[in-house]
Amino acid sequence: MRVVIAGAGNVGTAIAGDLRDNGHNVLVIEQDVDLVARLRPTLDVEWLEGDACEVSTLRTSELDTADVMVAATGDDEDNLVVSLLAKMEFAVPRVVARVNHPKNRWLFNETWGVDVSVSTPHLLTALVEEAVSVGSLVRLLQFDGGDAHLVEVTLADNSPARNRPLSELEVPRDASIVAVVRQGRVVIPRGDTVMQVGDEVVVLVTGESEDKVKGLLVGT
């Protein structure tokens, strides 16, 4: 997979290093020449000095051959511009954008070419809720390019799903139970999988099916 990353800050370089270690082809675009000079010897990826908000720079990066564009600068306006250009001018299949300020998250949607936005404060909030919430539905990840999102429920003693096989739960057609974590182990959900108290159930839902899924796993 070829990935182009805009921004060589802590976030951008961390992503680049992880993707490189996983065997992907990574190019980092950074306009700070001195920063590139410092980082180039320490991070074995392709480097391009330039402004990722400029079409000419993105053309030089051969962005039209990329599988994923990551807008990871520390400026939300820049990330929106990079995302829009990547999607509209270069038709990149997957555009991931970093949200620096939570109040700007509403802007990071398909209108600006963003397939997935990542807001660290929102992720931390979800992780805190997931860690301490039993018997309540916690939203883990929103896919801004559409209506689908991931939610997690830790089944409580009074869950309507307790001791029932998945085949009896009547999960809506536009929802899917994708994983069950039981005592630290992942259980691939099947029709005969019997739900147990303490199971962490991860579900892909839409806006229309979320309340129905909540009723099945949490109750009213």
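We did not get these values from a lab; they are worked out from the coordinates using the rules stated. For clarity, every value in this text was computed on a predicted model and none was experimentally measured. Quick reminder, even Gly has a Cβ in these numbers, built from the backbone with ideal geometry, and neighbours come from all protein chains shown.
Here is how the numbers come out for the structure above:
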| item | result |
| --- | --- |
| GNM result for the chain, Cα springs below 10 Å: residue of VAL28, VAL201, VAL178 fluctuating most strongly | VAL178 |
| Neighbour-count order for ILE15, ILE177, ILE29, fewest beta carbons within 10 angstrom listed first | ILE15, ILE177, ILE29 |
| Nonlocal amide H pairs with VAL28, under 5 Å, H built at 1.01 Å | ILE5, GLU46, TRP47, LEU48 |
| In nm, spacing of pseudo-spin labels at LYS103 and ARG2 (7 Å Cα→C-beta vector) | 4.0 |
| Cα gyration tensor category, rounded, prolate or oblate, for segment 133-217 with a/c compared to 1.5 | prolate |
| Cα centroid separation - segment 11-49 against segment 91-120, whole Å | 21 |
| ARG40-ALA148 FRET efficiency (beta carbon distance; Förster radius 41 Å; 0.05 resolution) | 0.55 |
| Within the chain, helix-based [θ] at 222 nm, where runs of 4 or more DSSP H residues each add -39,500 (n - 2.57), nearest 500 | -8000 deg cm²/dmol |
| Cα gyration tensor, the chain - rounded (a/c under 1.5), prolate or oblate | prolate |
| R0 of 41 Å, Cβ-Cβ distance GLU89-ARG190: FRET efficiency to nearest 0.05 | 0.40 |
| Cα→Cβ-extended label distance, 7 Å offset, between ASP18 and ARG139, nm | 2.2 |
| Antiparallel DSSP beta bridges within the chain, as percent of all bridges there, nearest 5 | 50 |
